[in-house]
Amino acid sequence: MPPLRLPRFAAFRLPSLPSAFRLSPSPFRFSSSAFRLSPSAFRLGFSAFLLGLTALRAADSVPADLILSRFSGPDLTPCVATLCVSATGEVYAGVDLNGSLGKGPGKGRIVKLIDSDRDGVADQHTVFAAIDNPRGVLAIGTKVYVLHTHFGPDGLATGMNLAVLEDANRDGVADGPATVLVRGICAAKAINDRGTDHSTNGIRMGIDGWIYIAVGDFGFANATGTDGTKLTLLGGGVARVRPDGTELELYATGTRNDYDVAIDPFLNLFSRGNTNDGGGWNIRFLHLVQTGEYGYPRLFKNFATEIIPALEDLGGGSGVGAFFLSEPTWPARYNDQPLMADWGRKAIFLHRLTPDGASFRQEVEEFAQVSQVTDLDVDPSGQMFVGAWDGAGYRGDPGKGYVSRIVPKNWTHRAFPELEKLKLPELVALLRSPSSTTRFYAQREILARPADSASAKLAVAAVVRDAALSPAARVAALFTLAQLDADPRAALAFAADHVLREFALRAAADRLPRLQNTAVPTAPFVAALANGTPRERAAAAVALGRLGKSDTAKALLAQSYAKPDDAGDSDFTQKDTLKGNRDSRFTLPVKPGNELRFHFSATTSEAANGPAQLALSEATFTMADGQKLNLSVLKPKSGQAAVGAPLPEAAGPNAKAKKAKKAPAGPSLVLSGAPLVTFTVPEGAVSFSARAVRAGQNGPDASIEFFASTGRAGENRQVSYAPRHATPNSAVIVPHVAAHALVRLRAVDECLAALGTAREDLALWALSQLHEPAAVDGLLAKLAAAPAPALRAKLLTTLARLYQNEAPYDASWWWGTRPDTRGPYYKPVTWSASPKIAAALEAEAAGASGERADFLARLNDSHRLGLKALGTRLPVVADTPSKPAIDLAKVAAQSGAVATTPIEDLLLSVEKLKPNHARGAVLFTQQGCIACHALQPGGASLGPYMGQIGAIMNPVQIATAIVRPNDTVSQGFQTVSLTLKDGSVRLGFATETTSDKIVLRDMAGASSTIATADIKEEKHIPGSMMPEGLANALSLEDFAALVHFLAAKK
């Protein structure tokens, strides 16, 4: 390898390096003529060094009133997957050299870092423990809790465990093997097939003493706590367990690959999930409510009335670590807000909350820029520590990654007391602190002293009663008392205090084993449910489900709820941000007489850039007979539409080539009247398709957010900035948790009795999830009594929902990164009452015509019943012709500058050469990229989606992925090998996976559909289907143009 010469680094000047970025001098030798790398540096990997150049140029940043310093570098903390900080400021960094897609044991550890002089740089460290794939870590006293992968003697993962390590002698090294608290809390097969990219992840402890566990959507089957409690979860959510591994239970479900949760002093949980890259689920900011269902992937599209919606759809990205900041040492403008890290966007975001009923509204703003941030935590003195992946790739890199410290300007360190040396009154006094972390650590020390329990109860109860204290301090004391006193009635006694009522109700019902032998009165809960605030009502509803008293079902059913009447009749597209020539291509099923709606709003100043407008081309209805009808012939019901000029081609495809192959695009249709323009769907229409781009606003940064939807005419239309599943709706929370409480109570008779009353919608919501013969028999009896048409339709819909159930989950499979979103079940199976339901529905269909036949056919379609007698209204879809064959082997065999240039020089050229996006767009087609990769969401998933790749990878990483595809196999696109029951083998990557089929695309571009019933075995192969050498024939200028074109896709 020749020495690396200075002229190649014309833009890279050592004196301009950020002061916080410190390089150890030992790997480098300097001379006036060359910048030489010693052999020890090469052992870190030359590619890793080059990948760091972008990070060096674009330093991390924080607001002017904060100070950022590099606490530790990759020599100590490469590949930081998680971290935490102790009460006294020691940092525990979870290092995972496997990354998200690497596999195998022996590549993980927890490093303990100490900054003895508090200058923002670690000056002592120990390897606290060697432990595989650390994904969550929590330090309390001498104990460190860790969520990690466990491997068997054969080198295969057996799942993930929550365990605890102890350092009783305080030498910085764990005393012995970890004690397992929860075993098997992640699907082992998924880890062995893919790595830990959708695994179980972060852990946080709330002031209630529960360890909350963020579960990625690998899910788990039969996770087992220390008391033998077993738990199964299909998909993602939040589980929780006591610090000793007992009482394992689910807290919330239906999330996608959440990495962490932020917990505020009042036990509100927040998460920022992950996008599925064009599959309809963007990253979203969630307020996680106990027993809440959030809809991924089975409900959010077609059954969104059954979920708690997100507080905001945030577009593309990758949510990771989370922390709720509530520390008096920090400026007020950052305090009492959740901070959410985003790996893909390389930033930490602050979400400003505003109370809204039982939930919140929020506004998001950037807090700090950190290179592929992974996690964050804060100690009682106010030091914030942040972990960064820093371009270490999907399989880790020992030369990348670091920990940074952020503190306010003028911050001074205040030593935290040695809690074990304090007397009980001193500890109790700390519960009054304005610092949430101080209160937390004081609580844990009080609870660790059983000998002081009696006196502690009295002293803590006095803090609870002190009305002069902040609500946060009183709530901390209340939950301390609830953990000290095994009698739930001790906490319930404070329900008479209006400040504490919500929390007293929650604390009293918080521990299920304690409720079994105690006669807890239900009157306070029923009273709060009837007369309390929305938050108190939500807490009461959840508590009544946990108390298990069936005589409280009537109080739950009294909650006001009317199911939206478009629930089974609407559809929507993904929300997209349209900027420049970026477009959105979509197709929606429609129903004659319904509305077709275009939702769009400006994301930039209308005063500066003009009003928001939307331009459509190729906007046509497909009729039942196959004919086309242009939208421009119709007059909008609301808003304005005018014919405009043809739209320019979107960035990406070769415009000149397109013109040679087809006639020029026709006129566009320009819509104005944001935020909503509506049309009536004409008779005979079965679907609508169009291409949408931004119009109107002219500024360089002008953009609009857009989605389209359909629904019944005349309803209370949603004019929000996002589909129903991503539009805040605090009003649904109380009925949502009430319905789940009714299911927990198995309140079949009470729900059936409510039919025909104002409470019937809530009763039917609960009944639709009660797969019990008595529920079905009761519904059929109501149907036979010839109810009014409106109730009859509701009964039929509920029976359709009950016709199938979710197949039991055994963790032997995973639904992939783009799962089937049709719902309401992922793997529907019939059960004992299914034949009765089928007979009733088929009898209803006999002789039905007109609207009644149409209703039953659509019910059959939406619930995937498969009952032929009910008919269908799904349009007949012709086979899609194969794409023109592209001989990738021939492309790869060509020889040019890329083929003959060392990779280090290729990467340097990408750094040096200027972008040429127009040329890159041509090359994207010319080199065959377009054969497998989409630039627009919503289309067939042929290969990794490129429409947002620039938000995930920097130019050097993209370049490396092109020339070395096996090094960076994208999530969801590992090669799949299917062995069929007839003995044949199919190889490719899955472009579509549903409960009943897998669609494979091979290297030649041919697609085949395989029924899951015909598959004997499914294996995932580490290598990429993308052959090496596809860029071989390019010049360095062309290669850089292609890379920069992709890097601009954000």
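Table for the structure above
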{"item": "Test: Leu314 is surrounded by 24 or more Cβ atoms within 10 Å (Cβ to Cβ), over 18 Å from Ala239 (Cβ atoms) and in contact with a strand residue (DSSP E or B) (Cβ under 7 Å, 6 or more places away or on another chain)", "result": "yes"}
{"item": "Close pairs (7 angstrom Cβ cut-off, 6 or more residues apart or separate chains): of a type in the set (Lys, Arg) and surrounded by 13 or more Cβ atoms within 10 Å (Cβ to Cβ) in the range 1000-1012, outside any strand (DSSP E or B) and modelled with pLDDT under 75 anywhere", "result": "Arg1001/Leu942"}
{"item": "Lone unmet requirement of (1) assigned to a loop (DSSP other than H, G, I, E, B); (2) in contact (Cβ under 8 Å) with a residue 40 or more places away in the chain; (3) crowded, with 16+ Cβ neighbours inside 10 Å; (4) not hydroxyl-bearing (Ser, Thr, Tyr) for Asp810", "result": "(3)"}
{"item": "Enumeration of residues in the range 720-774 that are under 28 Å from the mean Cα position of the chain (by Cα), among the hydroxyl-bearing types (Ser, Thr, Tyr) and in a loop (DSSP other than H, G, I, E, B)", "result": "Ser720, Tyr721, Thr727, Ser768"}
{"item": "Inter-residue pairs, beta-carbon under 8 Å, first assigned by TED's automatic domain parsing to the domain that holds Arg691 and in the range 617-630, second surrounded by fewer than 13 Cβ atoms within 10 Å (Cβ to Cβ), 6+ apart", "result": "Ser617/Pro646; Thr620/Lys628; Phe621/Lys628; Thr622/Lys628"}
{"item": "Matching residues in the range 198-229 - criterion: being assigned to a strand (DSSP E or B), under 16 Å from the mean Cα position of the chain (by Cα) and hydrophobic (A, V, I, L, M, F, W, C)", "result": "Ile203, Ile213, Ala214, Val215"}
{"item": "Residues of the range 169-210 satisfying the condition of being closer than 30 Å to Leu478 by Cα and among the aliphatic types (A, V, I, L, M)", "result": "Val180, Leu181, Val182, Ile203, Met205, Ile207"}
{"item": "Residue satisfying condition, being among the aliphatic types (A, V, I, L, M) and over 23 Å from Ala87 (Cα atoms), within set Leu431, Leu492, Leu481, Leu424", "result": "Leu492"}
{"item": "Residue in the range 720-727 that is modelled with pLDDT of 95 or more and of a type outside the set (A, V, I, L, M, F, W, C) present", "result": "no"}
{"item": "Matching entry among Asp1014, Asp1002 (being at pLDDT 85 or above, in contact with a strand residue (DSSP E or B) (Cβ under 8 Å, 6 or more places away or on another chain) and charged (D, E, K, R))", "result": "Asp1014"}
{"item": "Scan of the range 306-340 for residues that are more than 19 Å from the chain's Cα centre (by Cα) and assigned to a loop (DSSP other than H, G, I, E, B), ordered by number", "result": "Ser326, Glu327, Pro328, Thr329, Trp330, Pro331, Asn335, Asp336"}
{"item": "Residue in the range 774-797 that is surrounded by 23 or more Cβ atoms within 10 Å (Cβ to Cβ) and among the small types (Gly, Ala, Ser) present", "result": "yes"}
{"item": "Test: Leu422 is hydrophobic (A, V, I, L, M, F, W, C) and within 23 Å of Glu327 (Cβ to Cβ)", "result": "yes"}
{"item": "Condition met for Leu299 (outside the structural domain of Val475 (by TED's automatic domain parsing), on the phi < 0 side of the Ramachandran plot and not in a loop (DSSP other than H, G, I, E, B))", "result": "no"}
{"item": "Members of the range 673-684 found to be buried (at least 17 other Cβ atoms within 10 Å of the Cβ) and either of a type in the set (D, E, K, R) or in a strand (DSSP E or B) (or both), listed by number", "result": "Leu676, Val677, Thr678, Phe679"}
{"item": "Segments classed as strands (runs of 3 or more DSSP E), wholly inside the range 341-398, with at least 1 members that are surrounded by fewer than 19 Cβ atoms within 10 Å (Cβ to Cβ), in contact with a strand residue (DSSP E or B) (Cβ under 6 Å, 6 or more places away or on another chain) and in contact (Cβ under 8 Å) with a residue 24 or more places away in the chain", "result": "359-369"}
{"item": "Answer from Ile203, Ile207 - the residue that is among the aliphatic types (A, V, I, L, M) and closer than 16 Å to Ser271 by Cβ", "result": "Ile203"}
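The values are calculated or read from the model by the stated rules, or taken from the named source; none is laboratory data. Everything numeric in this text was worked out from a predicted model, so none of it was measured. Here the Cβ is made from the backbone with ideal geometry for all residues, glycine too, and neighbour counts use every protein chain on show.
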